[in-house]
Amino acid sequence: MTPLSAWVAPPFPAREVLEGRFGRLEPLDVDRHGPELAVAMRGADAVWTYLPLPPPESDQAYLDLLRGMQARDDIVPYAVVDAADGRAKGHLWLMEIRPAHGVFEVGYITYAPALQRTPLATEAIYLCGRRGFDLGYRRYEWKCNDRNEPSKRAARRFGFQSEGLFRQHQVIKGENRDTAWFSILDREWPQRRLAFERWLSPENFDAAGRQCLALSDLNALVLEAGGLTLRRGDLTDVEALLALQRVAYAENAPLLGVEPLPLRADYRALMAELEVWLAADVSGLTGALLLDPQVDHLLIWSVATHPLARGSGLGNALLAAAEARAAALGLTTLRLYTGEKLSHNVAWYERRGYAIERIEALPDRNLVHMVKHLVRSPAPMSA
């Protein structure tokens, strides 16, 4: 993480198109987007329940409202445009933008029924986050009326963490509003971005467009199994994680005759590529589990235990945690690889139900690929 003494405030976001796979965010242009939005929002009065204003009484009133948004210089209003037909089906703002503190918020989210509960609806939130963090912002906010349960569920699904409640925060439409606050921090964003991108990838949707892995599951922050509780890592853990990996894999180097693959990695980059789960006690990190969820299996990229924790059962607990993670994601196959010369590792995994699947020859070593298939629990019988 960059020390704040060297931190430079990011620029105010320019009004630029943000391209996605399912659609794009275009700077709101009433002449371009207004008629489409007016048609899409007709009869959708429920959308306005928790917004500051009541539903517009006419298309013209709606266009006037949109012109007011477009004219403001303290927000960045976007139209959400569907790639399937090129039509605008909702709008939202980047707002509460405070470059001096590196803070931005996504708000005034107004989705027509045709946009709600679609991949594009989720992608729009991802594009806003990517935009802010790529510019150098430190904090991505989500706020909503505490009575708005769907909004709070959405925030958690997207990986925002709850920060509490501002009581009697506002008077909206003649009623009290208690405001629930949520945020994603820059140090957390790589793992949140990873979850978004895995969820949005083409491989995560079947031929009927149904998701394979759920975003709420991909964004889990705690992993528990066999009495062990692991927390999700973030960028502040990079140095400690690298130090743990070095001592955990140190004894493998002379056996392999080459540097173990996990020690060749850029762990800052891995925060945006793999799920990072950490075990710790008062002395620091004791174990790490790095996982790569795929649509049809979970790859265990690394299992590391501190030498001082060996013999405590931590290694077994970490493998159990990997199985629990697979089950939580609805996966029944786990894969891993280890060096062929590390016969003690191969035997250890075999005792825990992993079988050799194949041997891969690399220029400087052979890798033993292993697999384990879990038994899916039967569905409970209906009464």
- Task: Please determine, by comparing only the residues of the stretch 216-227 that are out of contact with any Gly (no Cβ under 8 Å at 6 or more places or on another chain) and open to solvent by less than 50 Å² (accessible area, probe 1.4 Å), which one is farthest from Ala317 (Cα to Cα).
- Result: Leu218
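Mind checking which residues of the stretch 229-258 are polar (S, T, N, Q) and either open to solvent by 30 Å² or more (accessible area, probe 1.4 Å) or outside any helix (DSSP H, G or I) (or both)? Step through it out loud before you land on a result.
Residues of the stretch 229-258 that are polar (S, T, N, Q), as a first pass: 229, 236, 245, 252.
Within the stretch 229-258, Thr229, Thr236 qualify.
Looking at the structure I just gave you, is Arg264 surrounded by fewer than 20 Cβ atoms within 10 Å (Cβ to Cβ) and touching a residue at least 12 places away in the same chain (Cβ under 8 Å)?
Details: surrounded by fewer than 20 Cβ atoms within 10 Å (Cβ to Cβ): yes; touching a residue at least 12 places away in the same chain (Cβ under 8 Å): no.
Answer is no for this residue.
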- Task: Look through the stretch 145-202, keep the residues that are over 16 Å from Ile109 (Cβ atoms), aliphatic (A, V, I, L, M) and out of contact with any Gly (no Cβ under 9 Å at 6 or more places or on another chain), and return whichever of them is most open to solvent (accessible area, probe 1.4 Å).
- Result: Val171
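Could we say that Gly136 is farther than 21 Å from Pro56 by Cβ, touching a residue at least 24 places away in the same chain (Cβ under 8 Å) and not polar (S, T, N, Q) here? Reasoning before the result, please.
Numbers: farther than 21 Å from Pro56 by Cβ: yes; touching a residue at least 24 places away in the same chain (Cβ under 8 Å): yes; not polar (S, T, N, Q): yes.
Yes.
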- Message: Step by step: first the residues of the stretch 63-104, then only those that are touching a Gly at 6+ places or on another chain (Cβ under 9 Å) and charged (D, E, K, R), then the one that is surrounded by the most Cβ atoms within 10 Å (Cβ to Cβ). Which residue is that?
- Response: Lys89
- Message: Residue pairs, Cβ under 8 Å, 6 or more apart or interchain, first in the stretch 156-172 and in contact (Cβ under 8 Å) with a residue 60 or more places away in the chain and on the phi > 0 side of the Ramachandran plot, second part of a strand (DSSP E or B) and open to solvent by less than 70 Å² (accessible area, probe 1.4 Å). List them.
- Response: Gly159/Ile184
- Query: Could you say whether any residue in the stretch 10-30 is modelled with pLDDT of 95 or more, more than 29 Å from the chain's Cα centre (by Cα), in a helix (DSSP H, G or I) and on the phi < 0 side of the Ramachandran plot?
  - Reply: yes
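Do we have Phe12 as hydrophobic (A, V, I, L, M, F, W, C) and more than 21 Å from Arg98 (Cβ to Cβ) here?
Numbers: hydrophobic (A, V, I, L, M, F, W, C): yes; more than 21 Å from Arg98 (Cβ to Cβ): no.
No; evaluated as a whole, the condition is false for this residue.
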- Query: Where in the stretch 127-211 are the strands (runs of 3 or more DSSP E), entirely inside, with at least 2 residues that are more than 22 Å from Ala100 (Cβ to Cβ) and within 17 Å of the chain's Cα centre (by Cα)?
  - Reply: 161-172
- Task: Scan the stretch 340-366 for residues that are under 31 Å from the mean Cα position of the chain (by Cα) and surrounded by 16 or more Cβ atoms within 10 Å (Cβ to Cβ) and jot them down.
- Result: Tyr349, Tyr354
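The values are calculated or read from the model by the stated rules, or taken from the named source; none is laboratory data. The shown structure was predicted, so the numbers you read here are calculated from the model rather than taken from an experiment. Neighbour counts are summed over all protein chains in view; Cβ atoms, including those assigned to glycine, are modelled from backbone coordinates with ideal geometry. The accessibility values were calculated without ligands, DNA or RNA, using every heavy atom of the protein model including side chains. Shrake-Rupley method; radii C 1.70, N 1.55, O 1.52, S 1.80 Å.
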